[in-house]
Number of protein chains: 2
Amino acid sequence: MTKVTTGATMSLDGYIADATHGGFEHLFQWYGNGDVETPTANPDMTFRTSAASAEHVRELTERTGALVVGRRLFDMTNGWGGRHPMDVPVVVVTHHVPEGWEREGDSFVFVTDGIEAAIDRAKAIAGDKEVGVNGGTIATQVLEAGLLDEVHVDLVPVLLGDGIPFFAGLKIAPVQLEGPTRVVQGNGVTHLAYRVRKAG
Amino acid sequence: MTKVTTGATMSLDGYIADATHGGFEHLFQWYGNGDVETPTANPDMTFRTSAASAEHVRELTERTGALVVGRRLFDMTNGWGGRHPMDVPVVVVTHHVPEGWEREGDSFVFVTDGIEAAIDRAKAIAGDKEVGVNGGTIATQVLEAGLLDEVHVDLVPVLLGDGIPFFAGLKIAPVQLEGPTRVVQGNGVTHLAYRVRKAG
């Protein structure tokens, strides 16, 4: 069965962005504070991380066969310039196919009939590999729909004091997780993985 | 120099209590989900944790010479029945000495002239040992006053979706920490320690 996971870089006090949906200069330092280079599908974007984080990113990239993202993230990143840095197809959950884009492309597929259809579509694309879900709002919906298998947190030693929580407004709380099943210490980040405990 | 630390059990999404100031049945499971008994100064309260958590609690208890707590925590616990479970003197930050209590006792000292005076007093009591600060509101004030050296988080694999953040309303965010300087995996909890990065 294709595994569905989500992950985010999170401050120690639980925020994946500050209150203005920014603060990434504090959260994403670990992508640039080391000396091991990891190229991405975007020629302008190369990660420079600790060796431990580089290996962590490499494994994640290898495992991932497709992504499911919300329309906001797609718009915010301008469709990642045409191809996601992880170099995998991205299923975008949206109400309408954005102007200038095909409904079905090699890099992006726009699904307009809801989160479950988007996950199904991404699973079909991913095959034996995993489906990754970003960002927090979509991940929360997937978790609420009972479709999420794992939560990955890149925990950063900074306190933001206020901001956007990873699972804001979660309707089925409390949700019990199991783990961490993995703990990888990078430079200025701790990579943690948890399994969602399934009911029944 | 006497080290000042704070610590809390926190959900993976950053909450030290749910929105009703409860939820402890989810957060505090790790105090009762193992088979290593750790007695406390309260004969009715014995922790039953994993061996790793028991060792973690033992070390913390040995290191701690005094506590600083807010009046709300003191009231909520009814002064821990007269003696804190860690069996150390507790400095209570309050506007007024509560009725029925001495200003200066062996178990409790009530300080009415602010957080810095309370920390000074606790340091004098603790001597070579550490001062621990609880709960979140007081810890936030101590951090804002530049008096906090370490933050300890007992990270629990549960998502509460909403609740009371550890450092709610932090006025000096972002605060950079260093670490984790310690990672101890218990059963249903990960004990993490961070140093507060001092300015200048």
C-alpha center-to-center spacing [segment B:159-200, segment A:38-82] in angstrom: 26
Derived scalar couplings ³J(HN,Hα) [segment B:110-125; Karplus, 6.51 cos²θ - 1.76 cosθ + 1.60; whole Hz; x for Gly, Pro]: 9, 10, 10, 10, x, 5, 5, 5, 5, 5, 4, 5, 5, 4, 4, 5
For a footprinting-style exposure proxy, rank A:I125, B:I16 by other Cβ within 10 Å, fewest first. A:I125, B:I16
For B:A168 paired with B:A145, estimate the spin-label separation in nm (one decimal), with each label point 7 Å from Cα along the Cα-to-Cβ line. 2.1
Run the numbers on chain B and let me know its relative contact order in percent, using alpha-carbon pairs under 8 Å that are six or more apart. 31
Select from A:A118, A:A66, A:A41 the residue whose mean-square fluctuation is largest in a Gaussian network model of chain A (Cα-Cα springs shorter than 10 Å). A:A41
Peptide A:6-12 - average C-beta neighbours from other chains (10 Å radius): 3
Cα→Cβ-extended label distance, 7 Å offset, between A:R71 and B:D106, nm: 6.9
Quick check: pseudo-label points 7 Å beyond the Cα along Cα→Cβ at B:T181 and A:E55, how many nm apart are they? 2.6
Residue pairs, from the table B:K123/B:K171; A:K171/A:K198; A:K3/A:K198; A:K171/B:K171, whose Cα atoms sit over 21 Å apart: B:K123/B:K171; A:K171/B:K171
Loop-located trypsin sites (Lys or Arg not before Pro) in segment A:1-108, at most 14 other Cβ atoms within 10 Å (DSSP): A:R103
For B:A19, inter-copy label distances in nm, listed shortest first [label point 7 Å out on the Cα-Cβ vector]: 1.8
I'd like the antiparallel share, as a percent to the nearest 5, of DSSP beta bridges with both residues in segment B:4-188. 25
antiparallel share of DSSP beta bridges within the protein assembly as shown, to nearest 5, in %, is 50
FRET efficiency estimate (nearest 0.05) - Cβ-Cβ, B:D35 to A:H21, R0 51 angstrom: 0.65
Among chain A residues, which Cβ is nearest the axis of the A-onto-B rotation, and at how many Å? A:G14, 1
Based on alpha-carbon centroids, what's the gap between segment B:96-117 and segment A:17-33 in Å, whole number please? 42
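Just so you know, all these numbers are worked out from the coordinates, no wet-lab data involved. Nothing here was measured: the structure is a model prediction, and the numbers come from that model. Neighbour counts run over all protein chains shown; Cβ positions are idealised from the backbone, glycine included.
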